[in-house]
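Enquirer: Below: one structure in structure tokens.
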Amino acid sequence: LLILTTTPVNLDVPPRRSCENASTAATKKELKAIRELIRQQDYKGALARSKVLKDSSVANADVLYLHGQVAHRNGLRSEALSALRLSAAFDCVGWRANEVTNSIIRKVAKEQRVTLFDFAGLVEKDWNKNVTFFDEIYPQDLYYERAMNFMATVLKRILKL
């Protein structure tokens with residue numbers, strides 16, 4: 001019996017480092033200007049500038065993270081999640097799971113008709129509704145309890161209990 005599971009990603013944790021080839025002096029200067037707008041609580045102005053920077057910067061984890069944070073502050077949940085997922089994927093320090101590995105797991109489970117427990121999706125549904133993570137990596141205990149309940153249900157069904 002094989003059950004694949006995705007790994008939750010704490011989207012509120014900034015990337016450790018953007019790759020050098022994704023950063024220019026102009027990008028760094030614009031990031032600084034956007035951070036200043038955020039400090040002044042000008043989230044609409046920061047959003048406009050971060051969109052332009054995101055579209056002109058390829059694979060810069062810091063730009064994507066900042067855009068995700070600003071989009072979230074402007075109530076654009078879907079856009080924020082998309083940018084934050086990409087930010088984690090483009091982090092040049094491979095220290096955590098990311099959406100790329102989770103997408104591969106989902107695809108393989110579907111193609112091979114293997115049971116999938118989308119742990120990442122479960123935690124992400126509560127993003128910014130509850131405190132979802134203890135720290136940078138581990139979700140709150142209630143998500144592990146939900147995971148165990150799912151596994152118990154699957155095992156009962158398979159074992160016909």
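The values are calculated or read from the model by the stated rules, or taken from the named source; none is laboratory data. Predicted, not measured: the structure shown is a model, and the values here were computed from it. FYI the Cβ positions are ideal-geometry reconstructions off the backbone, even for glycines, and counts take in every protein chain you see. SASA here: full protein model, heavy atoms, side chains in, ligands and nucleic acids out. Shrake-Rupley method; radii C 1.70, N 1.55, O 1.52, S 1.80 Å.
Enquirer: Pairs under 7 Å by beta carbon, first residue farther than 12 Å from Lys51 by Cα in the stretch 66-77, partner modelled with pLDDT of 95 or more, six or more apart or different chains?
Expert: His72/Ala80; Arg73/Tyr43; Asn74/Tyr43; Asn74/Lys44; Asn74/Leu47
Enquirer: Among the residues of the stretch 97-106, write down those that are in contact (Cβ under 8 Å) with a residue 24 or more places away in the chain, open to solvent by 40 Å² or more (accessible area, probe 1.4 Å) and out of contact with any Ser or Thr (no Cβ under 8 Å at 6 or more places or on another chain).
Expert: From the stretch 97-106, those in contact (Cβ under 8 Å) with a residue 24 or more places away in the chain are 97-99, 101-102, 105-106; that's our starting set.
Narrowing the set further to residues that are open to solvent by 40 Å² or more (accessible area, probe 1.4 Å) leaves 99, 101, 105-106.
Of everything in the stretch 97-106, just one residue is in contact (Cβ under 8 Å) with a residue 24 or more places away in the chain, open to solvent by 40 Å² or more (accessible area, probe 1.4 Å) and out of contact with any Ser or Thr (no Cβ under 8 Å at 6 or more places or on another chain), namely Glu99.
Enquirer: Please indicate, with yes or no, whether at least one residue in the stretch 35-48 is open to solvent by less than 50 Å² (accessible area, probe 1.4 Å), under 19 Å from Trp127 (Cβ atoms) and in a helix (DSSP H, G or I). So that I can check it myself, show each step before the final result.
Expert: First pass over the stretch 35-48, keeping only residues open to solvent by less than 50 Å² (accessible area, probe 1.4 Å): 37-38, 45-47.
Add one more test, that the residue is under 19 Å from Trp127 (Cβ atoms), and what stays is 47.
Now drop any that are not in a helix (DSSP H, G or I), which leaves 47.
Scanning the stretch 35-48 turns up at least one residue that is open to solvent by less than 50 Å² (accessible area, probe 1.4 Å), under 19 Å from Trp127 (Cβ atoms) and in a helix (DSSP H, G or I).
Enquirer: Checking the conditions here, which among Ala89, Ala83, Ala120, Ala109 is open to solvent by less than 50 Å² (accessible area, probe 1.4 Å) and touching a Gly at 6+ places or on another chain (Cβ under 9 Å)?
Expert: The unique qualifying residue is Ala83.
Enquirer: Further question: Are any residues in the stretch 112-122 in a helix (DSSP H, G or I) and closer than 20 Å to Ser78 by Cα, and if so, which ones?
Expert: Phe119, Ala120, Gly121, Leu122, listed by residue number.
Yes/no matrix, rows are residues, columns are (1) part of a helix (DSSP H, G or I); (2) closer than 23 Å to Ala26 by Cα:
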residue: Ala71; (1), (2): yes, yes
residue: Gly75; (1), (2): no, no
residue: Arg85; (1), (2): yes, no
residue: Ala88; (1), (2): yes, yes
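Enquirer: If you don't mind, another one. So Ala109 fits all but one of (1) aliphatic (A, V, I, L, M); (2) part of a helix (DSSP H, G or I); (3) within 18 Å of Val9 (Cα to Cα); (4) in contact (Cβ under 8 Å) with a residue 12 or more places away in the chain; what number is the exception?
Expert: So the condition that Ala109 fails would be (3).
Enquirer: Quick one: Lys129 ticks every box in (1) of a type in the set (D, E, K, R); (2) surrounded by 15 or more Cβ atoms within 10 Å (Cβ to Cβ); (3) modelled with pLDDT under 95 bar one, so which box is it?
Expert: Failed condition: (2).
Enquirer: So, one more: Starting from the stretch 1-29, take each residue that is more than 30 Å from Val154 (Cα to Cα) and list its partners that are in a strand (DSSP E or B) and open to solvent by less than 30 Å² (accessible area, probe 1.4 Å), counting only C-beta distances under 9 angstrom and pairs at least six apart or across chains.
Expert: Correct list of pairs: Asp12/Trp127; Asp12/Phe133; Val13/Phe133.
Enquirer: Okay, next question. Which condition does Thr153 not pass, out of (1) open to solvent by less than 100 Å² (accessible area, probe 1.4 Å); (2) under 20 Å from the mean Cα position of the chain (by Cα), if it passes all the others?
Expert: Result: Thr153 fails condition (2) only.
Enquirer: While we're here: Return yes when Val58 is within 21 Å of the chain's Cα centre (by Cα), open to solvent by 70 Å² or more (accessible area, probe 1.4 Å) and among the hydrophobic types (A, V, I, L, M, F, W, C) and no when it is not. Don't jump to the end; show me each part of the working.
Expert: Working: within 21 Å of the chain's Cα centre (by Cα): yes; open to solvent by 70 Å² or more (accessible area, probe 1.4 Å): yes; among the hydrophobic types (A, V, I, L, M, F, W, C): yes.
Criteria met by Val58.
Enquirer: Right, next: What residue, among those in the stretch 1-22 that are farther than 15 Å from Trp95 by Cβ and open to solvent by less than 30 Å² (accessible area, probe 1.4 Å), is modelled with the highest pLDDT?
Expert: Result: Thr6.
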